[in-house]
Amino acid sequence: MANNNDLKESLISKPSNRKDAVKKRRFRRVKSAPLAELIPGEVDGSATSARISESVFGSLHPSLIGVAAYLFIYLVVGVICFYLVRHHISGQKTNDVVDALYLTIVTMTTVGYGDLVPQSVSGKLLACAFVFIGMALVGLVLSRGADYLVEKQEALMVKALHMRQKLGPSDIMKEIETNKSRYKFILSLIFLLILIMIGTLFLTFVEKLDIVDAFYCVCCTITTLGYGDRSFSTKGGRLFAVVWILTSTICLAQFFLYLTEINTEKRQKYLVHCVLTRHMTNVDLEAADIDDDGVVNAAEFVLYKLKELGKITQDDISLMMEEFEELDVDQSGTLSVSDLALAQSSPQAKGSTSDQGRPC
């Protein structure tokens with residue numbers, strides 16, 4: 001492991017002896033590397049364990065609490081509104097409050113069985129408003145709440161899959177980062193299958209549907225198809241549906257989202273493989289020569305490959321070079337502590353430093 005002095009050196013060492021350049025030249029991990037932030041250190045195992053336990057097994061995330069609050073407010077307002085117009089809603093009814101909550105969930109998830117239908121103008125306008133607000137809320141749940149809950153289970157899944165290997169906290173984090181989309185996809189598939197099984201069994205034993213009709217109703221519900229010929233008709237069934245419909249429809253959406261992520265990652269890995277295995281040509285050599293000195297050093301080669309991969313653009317490089325030239329006060333082509341001191345003491349630097357305190 002490199003010591004602190006090594007970290008202060010440049011990214012690419014430049015030995016004076018040309019013959020030893022290939023042997024001595026190597027890349028060093030900088031302090032701001034993402035992996036270093038996730039894993040504080042291999043030596044301090046307690047710090048690593050504390051960080052992982054805090055991130056994976058800690059208290060509820062603020063975004064999850066916010067999503068739960070929005071969902072609670074939506075359901076409360078929906079129940080109140082649909083309860084007030086209950087006499088203008090036709091269909092098979094059980095309990096006024098339960099039916100109002102059930103109709104709110106069915107509207108929010110766009111299932112639309114048709115077993116409860118607003119008949120008045122006020123009821124129809126309420127349904128129009130709640131369906132759009134509900135769709136936006138479902139998108140919020142998908143982007144924050146559901147994804148966070150799946151991530152909370154990834155470490156447990158990695159431990160279960162590698163039980164005999166006795167992975168440490170740092171190994172678990174590395175495995176999660178390497179196969180993040182795959183583990184999310186597997187977890188969402190497991191949850192989806194469990195929800196399908198629970199819904200089918202409930203409809204069979206509580207709603208008294210045969211096994212085929214129960215499975216048919218489950219599929220129509222989680223895909224928000226909602227033909228309406230089979231639905232939850234009892235009070236207990238609708239109370240169960242309030243939770244089950246919301247979780248199952250969101251779980252199915254997450255499943256297809258993670259499936260798309262896996263396909264995207266496969267295409268990205270294929271692109272990386274093509275770029276890194278393609279042989280350099282004279283045209284590539286000329287394009288990679290940023291300073292037009294006739295040769296391409298390791299830094300120029302890395303930048304060129306990053307541009308090919310789409311990780312960085314020429315505009316990004318230009319902005320970085322402008323910042324480098326501003327910091328390189330002595331115009332030596334390298335940065336030192338004196339350069340930074342001189343740059344920070346200039347009037348322009350003081351103005352930019354005060355701006356850094358402002359939120360972006």
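Quick notes
- Dimensions (Å) - region 78-134, Cα atoms, principal axes, largest first: 25, 20, 19
- Per-residue ³J(HN,Hα) for region 287-304, Karplus 6.51 cos²θ - 1.76 cosθ + 1.60, θ = phi - 60°, Hz, x for Gly and Pro: 5, 7, 7, 5, 8, 6, 9, x, 10, 10, 8, 5, 5, 5, 5, 5, 4, 5
- With the highest mean first, a sort of the peptides 111-121, 202-212, 318-328 on other beta-carbon atoms found within 10 angstrom per residue produces 111-121, 202-212, 318-328.
- Rounded to the nearest Hz, the phi-derived 3J(HN,Hα) couplings of region 179-189 under the Karplus curve 6.51 cos²θ - 1.76 cosθ + 1.60 (θ = phi - 60°) are 10, 4, 5, 5, 5, 5, 5, 5, 5, 5, 5, where x marks glycine and proline.
- Cα-Cα separations in region 263-320 greater than 18 Å, expressed as whole percent: 37 percent
- Remark on ILE89: its backbone amide H falls under 5 Å from those of GLN119, a criterion applied only to residues 5 or more positions apart or on other chains, H modelled at 1.01 Å from N.
- Each distinct pair of alpha carbons in region 197-307 adds a 1/r term; the inverse of their mean, the Kirkwood radius, is 18.6 Å.
- HN-Hα J in Hz across region 217-232 - Karplus 6.51, -1.76, 1.60, θ = phi - 60°, x for Gly and Pro: 5, 4, 5, 5, 7, 5, 8, 6, 5, x, 4, x, 6, 10, 7, 8
- For the pair SER345 and ASP316, a Förster radius of 22 Å applied to the C-beta separation gives a FRET efficiency near 0.20, rounded to the nearest 0.05.
- Here the gap between VAL243 and HIS87, fully extended at 0.36 nm per residue and compared with their Cα-Cα distance, gives a gain of 53.7 nm.
- Pairs from LYS124/LYS235; LYS184/LYS235; LYS180/LYS208 whose Cα-Cα separation, in the structure shown, is over 29 Å: LYS184/LYS235; LYS180/LYS208
- Label sites at PHE256 and TYR270, each approximated as a point 7 angstrom past Cα along Cα to Cβ, lie 2.2 nm apart.
- Rounded to 0.05, the FRET efficiency of the HIS279 and ARG182 pair, given R0 = 41 Å and the Cβ-Cβ distance, is 0.85.
Bear in mind that the values in this text are calculations on the coordinates, not laboratory data. All of these numbers come straight from a predicted model, not from anything done at the bench. Here the Cβ is made from the backbone with ideal geometry for all residues, glycine too, and neighbour counts use every protein chain on show.
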